[in-house]
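This report concerns only the one structure given below.
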Amino acid sequence: MNKIDFIILFDALDANPNGDPDAGNQPRIDAETGHGIVTDVCLKRKIRNFVQLTRAGESGYNILIKEKAVLNNEIKAAYSALGKDADSDLAKKWMCQNFYDVRTFGAVLSTGKKDGGENPEKNKKKVKNAGQVRGPVQISFARSFDPVTQFEHTITRCAVTKEEDETKGRTMGTKFTIPYGLYLAKGCINPYLADQTGFGEADLELLLQAIQNLFAFDASAARPAGSMAVRKLILFRHNSKLGNAPSHKLYESLHVAKKEGVEFPRNIADYVISLDRSAIPDGVTVEEIDC
């Protein structure tokens, strides 16, 4: 596998792309510019969810970071499967082989204590650790091209939570949306780390499939079906492991601007999106996937 850089374009319409729990679940916004933000862990979560849904039960496609997972128990399972002669390097390799997200994004597997050490009696019941895995696939925060506006909507609920509130009747609540935002996220695949974790071509194809369907199975009250969609995936495939151009130069070849006369965009059709192929050097192949 050679180096790959990529760009993800997605949009949100009357939705909350990524609520901030420390701010009442309001959409994340750059406080200085007003541009919308979606975190990298949010995007990775959706990729994990897609793999978990579509490859459930298949060997090698387990997901380590998932709801109600106990990480130390999974590390303990690695040592149990490998036997008494296992060490942290073997455990790390086993985790990469069995968990898609570990060999893709990496993981901190040093969450427990090694047996023995300075105080063997104290540590003997604690799970061994499996070190750390640097993942070959990295994704940036996504940022909207234009400032977005947070809307707060008051909603009513005809049910109450506690019996003593029964006489209150309806209660009030709030939900937050943005009217529209077109976002861009950047990513790369490091072939040297792919060799270390065992991330192969089949894993790459699954990753690309997951990105194209990032929001297909993510519908919720905050993100109704169809309110969020991946619009374009652009791949920059280098013909060498080291790469044939700096990543930032490739990212800068994409130009996105509002069409003339559009003040408040509400659709991707309100933008002009173009890729300057003259800026792409020899040795880099560009693949544009419209989603």
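Each value in this text was obtained by applying a stated rule to the coordinates, not by laboratory testing. Keep in mind that what you see is a predicted model, and the values were worked out from it rather than measured. Don't worry about glycine lacking a Cβ; one is built from the backbone with ideal geometry, like all the others, and counts go over all protein chains shown.
Numbers at a glance
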| quantity | calculated |
| --- | --- |
| Sorted peptide list for 180-186, 202-208, criterion being average Cβ within 10 angstrom, highest first | 180-186, 202-208 |
| Top positive-direction residue, dipole computed over segment 210-291 with Cβ charges, set SER220, SER240, VAL284 | SER220 |
| Packing-based order for 59-66, 263-270, using average beta carbon neighbours within 10 Å, highest first | 59-66, 263-270 |
| log₁₀ of I(q)/I(0) at q = 0.19, 0.28 Å⁻¹ - segment 1-53, Debye sum with one point per alpha carbon | -0.83, -1.24 |
| 30 Å Cα-Cα threshold exceeded, pairs from LYS93/LYS241; LYS46/LYS258; LYS92/LYS232; LYS76/LYS162; LYS66/LYS241; LYS186/LYS258 | LYS92/LYS232; LYS76/LYS162; LYS66/LYS241 |
| Charge dipole (debye, nearest 20) of segment 144-291; +1 at Cβ of Lys and Arg, -1 at Cβ of Asp and Glu | 280 |
| Within straight-line cross-link reach of LYS128, aspartates and glutamates at Cα separation under 15 Å, skipping those fewer than 8 residues along the same chain | GLU74, ASP85, ASP87, ASP89, ASP115, GLU118 |
| Segment 228-291, relative contact order in percent, only Cα pairs under 8 angstrom and at least six apart counted | 54 |
| Furthest towards positive pole of dipole, GLY261, ALA86, THR149, structure part the chain, Cβ charges | ALA86 |
| For segment 135-291: Kirkwood Rh in Å [reciprocal of mean 1/r, alpha carbons] | 19.2 |
| Karplus 3J(HN,Hα) series, Hz, for segment 138-155 with 6.51 cos²θ - 1.76 cosθ + 1.60 (x for Gly, Pro) | 10, 10, 7, 4, 8, 9, 6, 6, 10, x, 10, 10, 7, 10, 9, 10, 7, 10 |
| Cα-centre dipole for the chain with unit charges at Cβ (Lys and Arg positive, Asp and Glu negative), debye to 20 | 940 |
| Shape of the chain, Cα gyration tensor, a/c cut at 1.5 | oblate |
| The chain: relative contact order as a whole-number percent, Cα under 8 Å and 6+ apart | 28 |
| Potential lengthening between GLU260 and LEU242 on full extension [0.36 nm per residue; Cα-Cα distance subtracted] | 2.4 nm |
